[in-house]
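Trainee: Before I ask anything, here is the structure I am working with.
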Amino acid sequence: SIFSWALIFDKFKLFKSINASTADFEKKFWKAKSAESFNNNLPSNTKDPATNIFKIAMAELIKTKRQSSAVQLARVERILEIATDNEIKNIEKNFTFLATVGSTAPFIGLFGTVWGIMNSFTAIGISQNTSLAVVAPGIAEALFATALGLVAAIPAVLFFNKFNNMLENVNNKLEVFSEEIIVIISKEIFR
């Protein structure tokens with residue numbers, strides 16, 4: 001549960017940062033006079049996915065300058081697909097942990113419940129007494145284990161779904177931006 005919450009805060013911070021940096025990048029990108037001059041002014045180290053895929057596309061374009069226009073465009077399109085996939089994979093790192101916690105924590109809590117009830121029955125058997133004082137500690141442990149499982153599972157499931165939706169939005173933005181890059185580059189190539 002503690003690692004889940006740490007991961008949740010980290011991913012919220014990451015998505016907030018990505019949204020802000022991508023919006024800033026796109027604003028600057030559309031004001032630029034040319035893709036090549038804009039690329040030359042970009043910082044070399046950035047965590048913004050849009051900036052990274054643009055830099056990779058431009059590097060491929062520069063590397064293939066001596067090839068035919070059709071080959072250049074095909075290679076840039078392919079490298080954009082790969083770069084977008086890599087950026088999405090980096091963002092979704094540790095998402096499976098939230099899914100695993102969300103799906104297994106209730107069962108771990110249920111196991112604790114069964115264990116606590118077994119302890120209660122054992123206490124009844126040993127003391128030959130079915131009073132509440134004998135049964136209550138084991139039942140309390142059992143209910144506490146169930147609660148702990150749910151406390152870990154519920155936020156993990158909720159935020160896993162939330163982050164998947166946020167990731168889908170980032171992915172859609174990157175795909176649209178990739179297509180825009182291809183249009184701009186194709187105009188420059190086929191001049």
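The values are calculated or read from the model by the stated rules, or taken from the named source; none is laboratory data. Model, not experiment: these values are computed from the prediction. Ideal geometry is used to build each Cβ from the backbone, glycine not excepted, and the neighbour counts take in all protein chains shown. The area values use the complete protein model at the heavy-atom level, side chains included, leaving out ligands, DNA and RNA. Shrake-Rupley method; radii C 1.70, N 1.55, O 1.52, S 1.80 Å.
Trainee: Scan the stretch 70-77 and give yes if some residue there is exposed (fewer than 11 other Cβ atoms within 10 Å of the Cβ) and within 27 Å of M166 (Cα to Cα), otherwise no.
Mentor: Looking for residues that are exposed (fewer than 11 other Cβ atoms within 10 Å of the Cβ) and within 27 Å of M166 (Cα to Cα), one finds none in the stretch 70-77, hence no.
Trainee: Could you count how many residues in the stretch 143-179 are among the acidic types (D, E) and either under 21 Å from S68 (Cα atoms) or surrounded by 16 or more Cβ atoms within 10 Å (Cβ to Cβ) (or both)?
Mentor: Residues in the stretch 143-179 being among the acidic types (D, E) and either under 21 Å from S68 (Cα atoms) or surrounded by 16 or more Cβ atoms within 10 Å (Cβ to Cβ) (or both): 1 in total.
Trainee: If only one of S34, S1 is within 30 Å of I108 (Cβ to Cβ) and touching a residue at least 12 places away in the same chain (Cβ under 8 Å), which one is it?
Mentor: Going through S34, S1 in turn, just one is within 30 Å of I108 (Cβ to Cβ) and touching a residue at least 12 places away in the same chain (Cβ under 8 Å): S1.
Trainee: With the checklist (1) within 16 Å of N171 (Cβ to Cβ); (2) modelled with pLDDT under 90; (3) not basic (K, R) in hand, flag the one item N40 doesn't pass.
Mentor: The single condition N40 does not satisfy is (1).
Trainee: Can I ask one more? If G109 satisfies every condition in (1) touching a Leu at 6+ places or on another chain (Cβ under 9 Å); (2) over 26 Å from P155 (Cβ atoms); (3) of a type outside the set (F, W, Y); (4) open to solvent by less than 30 Å² (accessible area, probe 1.4 Å) but one, which is the exception?
Mentor: Among (1) touching a Leu at 6+ places or on another chain (Cβ under 9 Å); (2) over 26 Å from P155 (Cβ atoms); (3) of a type outside the set (F, W, Y); (4) open to solvent by less than 30 Å² (accessible area, probe 1.4 Å), the lone unmet condition for G109 is (2).
Trainee: Looking at K33, K11 in this structure, which one is exposed (fewer than 13 other Cβ atoms within 10 Å of the Cβ) and at negative phi?
Mentor: K33
Trainee: Given A59, A6, A20, which one is closer than 29 Å to F144 by Cβ, assigned to a helix (DSSP H, G or I), among the small types (G, A, S) and open to solvent by 20 Å² or more (accessible area, probe 1.4 Å)?
Mentor: None of the other options fit; the residue is A6.
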